[in-house]
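Encoded as structure tokens, the structure appears first; notes follow it.
The values are calculated or read from the model by the stated rules, or taken from the named source; none is laboratory data. Since this is a predicted model, take the numbers as computed values, not measurements. Reconstructed Cβ throughout: ideal geometry from the backbone, glycine too, with neighbour counts over all protein chains shown. Quick note on the areas: whole protein, heavy atoms, side chains included, nothing else; ligands and nucleic acids left out. Shrake-Rupley method; radii C 1.70, N 1.55, O 1.52, S 1.80 Å.
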Amino acid sequence: VASAGANVLDDYEEGTWTVTIVGDATAGVTTYTDQQGHYTKIGRAVLFRFSVVWTGQTGTGNLLGGGLPFTSLASSFQTPFAVRVNNLTYLGAQVGGQVQISSTAWVPAQWSTGVGASLILVDTAADILGDGVYFV
């Protein structure tokens, strides 16, 4: 039953999205073997999962992922999310993901003890699984 009450859930959606990988200096061309994303949007919260595997990438600069189904909230910080990487070259002790501010883009980032997050250079071939929540 439709209602205009303040506590009524009036926005629920499920769907898929296409994950992309580019270089942030030069986008390049990516050859994918897996490129899938799924989401559930409940109000302003977007729960997402993705898998991306690429076997060729000609871009340069930092690795930049894209294709999130909704533009993220304009806020003062990026939203972290969990990732599992395979064959991705990084120097930090830990790797995670960040949804960019006011964007449908995301980046993998690396952290080392006592050092802030830094971006990861685009790799010729790798795979990433991601899972998180962001707000729109």
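General remarks:
- Which numbered condition Ala105 fails, given (1) open to solvent by 70 Å² or more (accessible area, probe 1.4 Å); (2) more than 23 Å from Leu9 (Cβ to Cβ): (1)
- Filter pass, Thr79 being more than 22 Å from Glu13 (Cβ to Cβ) and either among the β-branched types (Val, Ile, Thr) or modelled with pLDDT under 95 (or both): no
- Failed item, numbered, when Asp123 is tested on (1) over 30 Å from Asp11 (Cβ atoms); (2) touching a residue at least 40 places away in the same chain (Cβ under 8 Å); (3) of a type outside the set (A, V, I, L, M); (4) not in a loop (DSSP other than H, G, I, E, B): (4)
- If you go through the stretch 22-58 and keep only what is surrounded by fewer than 18 Cβ atoms within 10 Å (Cβ to Cβ) and in contact with a His (Cβ under 8 Å, 6 or more places away or on another chain), you end up with just Arg49.
- You will find that of Ala93, Ala74, Ala105, the residue that is under 19 Å from Ala27 (Cβ atoms) and either hydrophobic (A, V, I, L, M, F, W, C) or under 11 Å from the mean Cα position of the chain (by Cα) (or both) is Ala105 and no other.
- Residue that is nearest to Ile128 (Cα to Cα), among those in the stretch 6-21 that are modelled with pLDDT of 85 or more and of a type in the set (D, E, K, R): Glu14
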